[in-house]
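One structure below.
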Amino acid sequence: MLILGIGNGILSDDGIGIKLIEDLHAEFQHPSIHFKTACTGGLEIVEMMQNYTEVLIFDAIKTPGGQPGSICHFSVEDFKETLH
């Protein structure tokens with residue numbers, strides 16, 4: 001399993017994915033769980049995930065009416081109409 005944090009550590013709230021991964025990795029160690037961070041997007045992230053059957057992604061997003069700290073759960077079906 002891959003636990004992936006996405007974001008930019010110098011842009012405050014956009015760095016939450018990276019900060020979570022750092023904290024989780026310091027707290028939990030297991031041979032079947034890999035922790036990685038990414039400050040990029042698109043195909044580079046796909047390449048990072050290609051050898052895993054399970055990936056948990058932490059990232060910050062802006063949503064209409066969203067509240068800071070809210071948790072959103074997405075599946076592959078949620079992205080059928082996206083262009084990116």
Label TYR52 and GLU77 with points 7 Å out from Cα along Cα→Cβ: what is the distance between them in nm?
2.3 nm
Tell me which residues come under 5 Å, amide H to amide H, from GLY5 once H is placed; ignore anything under 5 positions away on its chain.
LYS36, THR37, ALA38, PHE58
Cβ-defined net charge surrounding GLY9, 12 Å radius [Lys, Arg +1; Asp, Glu -1]:
-2
Under a Gaussian network model of the chain whose springs join Cα atoms within less than 10 Å, the largest fluctuation of LYS36, LYS62, LYS19 belongs to LYS62
Only bridges with both residues in the chain count here: give the DSSP antiparallel percent, nearest 5.
0 percent
Helical mean residue ellipticity (222 nm; -39500 (n - 2.57) per DSSP H run of 4+; nearest 500) of the chain:
-6500 deg cm²/dmol
Compute a Gaussian network model of the chain, connecting alpha carbons closer than 10 Å, and tell me which residue from PHE58, PHE35, PHE74 fluctuates the most.
PHE74
Once normalised by the length of the chain, the mean sequence separation of its alpha carbon contacts under 8 Å that are 6 or more apart gives a contact order in percent of 39 percent
Mean projected area in nm² (Cα convex hull; one quarter of hull surface) for the chain:
6.4 nm²
Treating the beta-carbon of each Lys and Arg as +1 and of each Asp and Glu as -1, no other charges, what is the dipole magnitude of the chain about its Cα centre, to the nearest 20 debye?
40 debye
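Throughout, read-outs are computed from the coordinates displayed, never taken from laboratory work. As the structure is a computational prediction, the values presented were derived from the model and not from experiment. We place every Cβ from the backbone using ideal geometry, glycine too, and count neighbours over all the protein chains shown.
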